[in-house]
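The values are calculated or read from the model by the stated rules, or taken from the named source; none is laboratory data. Since we're looking at a predicted model, the values are computed, not measured. Glycine gets a Cβ as well: all are built from the backbone with ideal geometry, and neighbour counts include every protein chain shown. The area values use the complete protein model at the heavy-atom level, side chains included, leaving out ligands, DNA and RNA. Shrake-Rupley method; radii C 1.70, N 1.55, O 1.52, S 1.80 Å.
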Amino acid sequence: VQLQASGGGLVQAGDSLRLSCAASGRSFRTYAMGWFRQAPGKEREFVASISSGGVTTYYADSVKGRCTISRDNVQNTVLLQMNGLKPEDAAVYYCAARNVWFAGTLQGEYDHWGQGTQVTVSS
């Protein structure tokens, strides 16, 4: 599966942003999906993930209550709705896929990665 992330941009603190990840391939519905982010000078970290059927989701504590991950297995997309953005949310956001049904929170669990989309939050 190939992944293409989009939707990043420059926003002000408190604004909302919706990131989208488009996946190619007919077996998308069998992949659990995740979003990770990497800020300058920091390691890439987990943000959110969703099981292949969309039933189970996980969130990092830093975004819990402000972000929602969802997926459309017909359109082969995964969305990350981010509300109440903070300057510390600024990073390059990556979507990732793993060929199992259950979602994971560790980078090493994911086999396929998109190219990333930049989110910048001004205070």
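Here is the size of region 76-123 from its Cα atoms: Rg then Dmax, 12.8, 39 Å. Calculated FRET efficiency, SER16 to GLN118, Cβ-Cβ distance, R0 = 22 Å: about 0.85 to the nearest 0.05. Over the chain, Cα pairs under 8 Å with separation of 6+ residues give a relative contact order of 37 percent. Surface analysis of the chain yields an accessible area of 51 Å² per residue, using protein heavy atoms and a 1.4 Å probe. Close amide H partners of ALA90, meaning residues 5 or more places away or on another chain with modelled amide H under 5 Å apart, are VAL121.
Scoring 92-104, 75-87 by mean Cβ neighbours within 10 Å over their residues and listing the highest first yields 92-104, 75-87. Here region 8-108 has 50 percent of its accessible surface on carbon and sulfur atoms, given a 1.4 Å probe and all protein chains in place.
Each residue of region 3-9 was assigned a 3J(HN,Hα) from its phi angle through the Karplus expression (A = 6.51, B = -1.76, C = 1.60, θ = phi - 60°), giving 10, 9, 8, 7, x, x, x Hz with x at Gly and Pro. The H on the amide N of ALA32, modeled in the peptide plane, is under 5 Å from the matching H of SER52, ARG98, VAL100, each at least 5 residues off or on a different chain. Rg ratio for the chain: its Cα radius of gyration over 2.2 N^0.38 Å, N being its residue count, equals 0.97. Think of the chain as having a plus end and a minus end, set by charges on the Cβ of Lys, Arg, Asp and Glu; of GLN38, VAL74, TRP101, VAL74 sits farthest toward the positive end of this dipole. Computed from point charges on the beta carbon alone (+1 for Lys and Arg, -1 for Asp and Glu), the dipole magnitude for the chain about its Cα centre is near 220 Debye. Counting every alpha-carbon pair across region 2-65, the share separated by more than 14 Å comes to 68%.
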